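Remarks on the structure that follows.
The values are calculated or read from the model by the stated rules, or taken from the named source; none is laboratory data. If you're wondering where the values come from, they're calculated on a predicted model, not measured in any experiment. A quick note on method: Cβ atoms are made from the backbone with ideal geometry, for glycine too, and the neighbour counts reach across all protein chains shown. Ligands, DNA and RNA are stripped out before the accessible areas are found, and what is left, the full protein with its side chains, is counted by its heavy atoms. Shrake-Rupley method; radii C 1.70, N 1.55, O 1.52, S 1.80 Å.
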Amino acid sequence: MKKLFTIGFAVWVVLGLGVSLSWADAGHSGPEKKAPMEKEKHAHLGPHGGEMVHSGGYEVELAVQEGNTILVCLANKDLKPVSFQEKEGKVFLQFPDNTKKEIPLRSSKEPSCLEGAVDLKRAGSFKAIVSLVLDGKRQNLRFQSVPSR
């Protein structure tokens, strides 16, 4: 009986230690573990009223302005604007009816933003993939259910 208790206690300790290490490895006290460079969505809106996505050391915002301009803006983790080094990119849009559009991005008036022209006044919601180069590496960032304004 003592041997069975010892084995059960050892299994309990190993399982408990494994769970606590996975929580510590995630960098926070929650049970969800994240990959080192995983892109993650934020619940807040960015300075231009768009959805924010985290990638590496950057916050990337996708906003629609006046229903005819897509704006992609770059900021650091403190939401301070960061100028784009590569002055172009693309946005791939998918609408609820499964139609798709590819929008080229070019320099904007703001050095921390790229913009593209598209008529979205009657588009409703859509999903988007923003493809751009950050720190010399191609990044494809997913944005879910972006409402057109």
Note: among Leu114, Leu134, just one is within 16 Å of Glu51 (Cβ to Cβ) and open to solvent by less than 90 Å² (accessible area, probe 1.4 Å), namely Leu114
In region 29-41, is there at least one residue being at pLDDT below 90, within 15 Å of the chain's Cα centre (by Cα) and part of a strand (DSSP E or B)? yes
Of all residues in region 110-149, which are assigned to a loop (DSSP other than H, G, I, E, B) and in contact (Cβ under 8 Å) with a residue 60 or more places away in the chain? Asp135, Ser148, Arg149
Tell me the strands (runs of 3 or more DSSP E) entirely within region 52-109 that contain at least 3 residues that are loosely packed, with under 14 Cβ neighbours inside 10 Å and modelled with pLDDT of 90 or more. 100-107
